[in-house]
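Accompanying notes for the structure given below.
Read-outs throughout are calculated quantities, based only on the coordinates presented, and are distinct from any laboratory measurement. Fair warning: this is a prediction, and the values are worked out from it, not measured in the lab. Cβ placement follows ideal geometry from the backbone for every residue including glycine, while neighbour counts extend to all protein chains displayed.
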Amino acid sequence: MLYRLAAQSGAGPRTLSQPLGGMGAVCDALARAAAAAGATIRTDAPVGRVLVENDTACGVLLDSGERIAARTVISSADPKTTLLRLLGAEHLDTGFVRKVSHLRTNGLAAKLHLALDSAPRFTGQEATALGGRLLVAPSLDYIERAFNHSKYGEYSAAPAIEVTVPTVCDPALAPPGGHVMSAVVQYAPYELRDGWEAERVRMADKVIEVLERFAPGLRSQVRACELLTPLDIERKFRITGGHWHHAELAFDQFFMLRPVPGAAQYRTPLPGLYLCGAGSHPGGGVMGTAGRNAARHVLAKAS
Ligand SMILES: Cc1cc2nc3c(=O)[nH]c(=O)nc-3n(C[C@H](O)[C@H](O)[C@H](O)COP(=O)(O)OP(=O)(O)OC[C@H]3O[C@@H](n4cnc5c(N)ncnc54)[C@H](O)[C@@H]3O)c2cc1C
């Protein structure tokens, strides 16, 4: 709840919304705006190290061996990647390194994507309800029980699920008549006791079974299915632990404590190095508030 409130305190819309063209369209729009302002965007250019001179960040070294000099380095990679891997503990105090190492960054949610050949029909819901968020979370006890399994390295057989159908707002995201369904499935531990390779398909099947209780016939509408576990999210999006907020949103990792004291105002202990991603206040989601706040700090320093 705090996250939602913090995320809405900026200039952005006060309700959650779906962009036309999907989330990728937001990235494209940002890229166009950045290019128009004179930025050069390089993709497929992984950074191997943050370069340091006189205890100040002075650029980055790409995996390709190319060095890029800079007065300021601003990283949206997760805090553990930025501070422990790209910068390195040797540039930081032991106490600070311990805090970053102890940051809880393991993801607990899986993402299920379904390509459907027609609109899902949820019992008792008007078709227009599909344009919002549908929750399978009948009670607090249900959510508590769904969470219990994750403590023992299991996923829940009765998960809490948040469903959206983006094609209701933007039919162009699927072939004519088709739909895509996107579901956040709570809770899926990063480390599954039996390993995700053996269980990924079984979990997807289980989630579809639960959804079918609310949307009869759903299984027969599925043309393609993808389940991303926290491990997949880690590998696919280079996020340590596969948490889509880069670090748990909990009281001890929120507000002036996010990600850790000593780096909570986007500045890191190393002059010239800033954090601007989901690991910073107020967390992730496609809203850009952490990035905007970080930019203000960098500009204030420059002026
Ligand atoms: C499957 C999935 C679905 C989601 N759906 C939604 C949604 O519908 N709506 C919503 O609001 N939010 C959604 N989120 C959450 C949202 O995408 C994230 O919170 C948000 O992208 C965080 O933005 P960011 O820029 O801080 O970090 P990221 O988007 O994680 O960007 C960090 C970037 O740094 C790159 N990187 C890491 N290491 C290096 C390196 N060494 N060198 C160069 N680059 C590096 C990564 O590849 C990545 O591109 C979703 C997340 C996931 C995983």
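Some points to look at:
- Rounded if a/c under 1.5, otherwise prolate or oblate - region 17-120, Cα gyration tensor axes: oblate
- Computed over region 109-236: relative contact order in percent, which uses C-alpha pairs under 8 Å that are six or more apart: 39 percent
- Reachable lysines from residue 151, criterion Cα separation under 24 angstrom, eight or more residues apart if same chain: 80, 99, 111, 206
- Highest GNM mean-square fluctuation among 122, 96, 251, for the chain modelled with Cα contacts below 10 Å: 251.
- Nearest-ten-degree value, helix 23-36 long axis tilted from longest Cα axis of the chain: 30 degrees
- Counting 0.36 nm for each residue step from residue 141 to residue 39 and taking away their Cα separation leaves a gain of 31.7 nm.
- Taking 72, 40 and counting other C-beta atoms within 10 Å, the order from fewest to most: 40, 72
- Averaging the sequence gap over all C-alpha pairs within less than 8 Å and six or more residues apart, then dividing by the number of residues, gives the chain a relative contact order of 22 percent.
- Size of the chain: Rg and Dmax of its alpha carbons, in Å, are 20.9, 65.
- Alpha carbon convex hull of region 109-236, projected area averaged over orientations, nm²: 7.8 nm²
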